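*Asks:* I am attaching a structure below and will ask some questions about it afterwards.
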Amino acid sequence: MIDTHAHLDFPDFDADREAMLARAAQAGVTEIISIGTRLDSSANAVDLAARYTGEATADIGTAMPAVWATVGVHPGEADTVPSTASGDSADWIDELRRLASHPRVVAIGEIGLDYHHLPSEKMPQGLDGGASSDAEEADRAYKAQQEQVFRRQLDLAVELGLNVVIHQRDSWDDTLAILSDYRGRVRGVFHCFGGTEEQAQALFQQGHLVSFTGIVTFKNAKQVQASVLAVPAWSFMLETDCPYLAPVPHRGKRCEPAHTARTAEYIAQARGISVEEL
């Protein structure tokens, strides 16, 4: 099994990172993709991938899952890099390009759009109870910055011939509109997919895949459970998004790559096939 989306560098794992990786190996997880979300976390993901190559070493003492890396700036972190308009000479995309040259980097990501928490939520409303003009302008600027960062990373993926890992939250139409400009030039996986079968099919038509997390095991996740049953066998990946979204019976606790096995078991049973076939 491969956990295709894990945040191994997060501080949640600082106390027991190697024990966590050993548990993943014991659960049958042979490979893990560690995901970058900022420039610093991307560098950390590359460092982890360089350290854990799937071979036993003297200091580790046992074989661990092979770790691979992605490098990218998450939409929620778009304000951590300078905009082109700022005139900053230290171009962040050059640093991403340098990190992406490492042989254990497999994709650009996670990148995309996230409109779940907009600046207007923290600003006064207009006299009619709606968003004020200042709030609307703040939202436009926030979305524009995310789009700029998204497009620059898509351009980098095209340049380097890499796939992408897409984060989309409350931004479906804009995300697909931007990706349509890159149709035939870049392919990606929509991680933590929670949409409908129709939305999944729209992605497949553009050459993309989807990925399911432990959310599929939640009792109230009816929509994603229906999608798990409906999509073709070739169309999806498995992931944990750890340390988030632990599957039942671990829900509410820290998630880790070993939990890929639980998600696999659930989906296999739901689709009426063996875990091995899955």
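*Asks:* Determine the dipole magnitude for the chain: charges of +1 sit on the beta-carbon of Lys and Arg, -1 on that of Asp and Glu, nothing else is charged, the reference point is the Cα centre, and the result goes in debye to the nearest 20.
*Replies:* So the magnitude is around 760 debye.
*Asks:* Using packing as a proxy for protection, rank 235-241, 97-103, 71-77 so that the peptide with the highest average count of other Cβ atoms within 10 Å comes first.
*Replies:* Ranking the peptides 235-241, 97-103, 71-77 by packing returns 71-77, 235-241, 97-103.
*Asks:* Cα extents of the range 179-278 along the three principal axes, largest first, in whole Å?
*Replies:* For the range 179-278, the Cα spread along each principal axis is 41, 28, 26 Å.
*Asks:* Separation of the range 175-244 and the range 1-59 by C-alpha centroid, Å?
*Replies:* Going from one Cα centre to the other spans 23 Å.
*Asks:* How big is the chain on each of its three principal axes, counting only the C-alpha atoms and giving the largest first in Å?
*Replies:* Principal axes ranked by extent give 59, 44, 38 Å for the Cα atoms.
*Asks:* While we're looking at this one, here's another question. May I ask what percent, to the nearest 5, of DSSP beta bridges between residues of the chain are antiparallel?
*Replies:* Around 5 percent antiparallel, to the nearest 5.
*Asks:* Hey, if you put +1 on the Cβ of every Lys and Arg and -1 on every Asp and Glu Cβ in the chain, which of Gly194, Ala258, Ile108 ends up farthest toward the positive end of that dipole?
*Replies:* Checked the options; the winner is Ala258.
*Asks:* Same structure again: Would you work out if the range 130-223 is rounded, prolate or oblate? Take a ≥ b ≥ c from the square roots of the eigenvalues of the alpha-carbon gyration tensor; rounded if a/c is under 1.5, else prolate when a/b is larger than b/c, oblate otherwise.
*Replies:* Oblate shape, in that a/c is at least 1.5 and b/c is the bigger or equal ratio.
*Asks:* Here's another thing I want to ask about it. Pull up the cross-link candidates among the lysines for Lys143, meaning alpha carbon to alpha carbon under 25 Å and not fewer than 8 places away within one chain.
*Replies:* Lys122
*Asks:* Additional query: Given labels modelled 7 Å from the Cα in the Cβ direction, how far is it in nm from Val158 to Ala202?
*Replies:* A separation of 2.2 nm, rounded to one decimal place.
*Asks:* If packing is taken as the average count of other Cβ atoms within 10 Å, what order do 114-124, 221-231 fall into, highest mean first?
*Replies:* The densest-packed peptide leads the list: 221-231, 114-124.
*Asks:* Ignoring any ligand, DNA or RNA, what whole percent of the accessible area of the chain comes from carbon and sulfur when the probe is 1.4 angstrom?
*Replies:* 50 percent
*Asks:* Going by average Cβ density within 10 Å per residue, which order do the peptides 189-197, 35-43 take, highest to lowest?
*Replies:* The densest-packed peptide leads the list: 35-43, 189-197.
*Asks:* Right, another one. Under the definition of Cα pairs under 8 Å and six or more residues apart, what whole-number percent is the relative contact order of the chain?
*Replies:* Here the relative contact order equals 19 percent.
*Asks:* So, for the chain, what is the accessible surface per residue at a probe of 1.4 Å, expressed in square angstrom?
*Replies:* Value for the chain: 47 Å² per residue.
*Asks:* Within a Cβ distance under 14 Å of Thr30, other residues only, what is the Lys/Arg minus Asp/Glu net charge?
*Replies:* It works out to a net charge of -3.
*Asks:* Which lysines does Lys222 reach when only Cα atoms under 26 Å apart count, and residues fewer than 8 places away in its own chain are ignored?
*Replies:* Within the straight-line cut-off, Lys222 pairs with Lys253.
The values are calculated or read from the model by the stated rules, or taken from the named source; none is laboratory data. None of these values were measured; they are calculated from a predicted model. Virtual Cβ from ideal backbone geometry, glycine too; neighbours counted across all protein chains shown. Side chains are part of the model used for accessible areas, which takes the heavy atoms of the whole protein and leaves out ligands, DNA and RNA. Shrake-Rupley method; radii C 1.70, N 1.55, O 1.52, S 1.80 Å.
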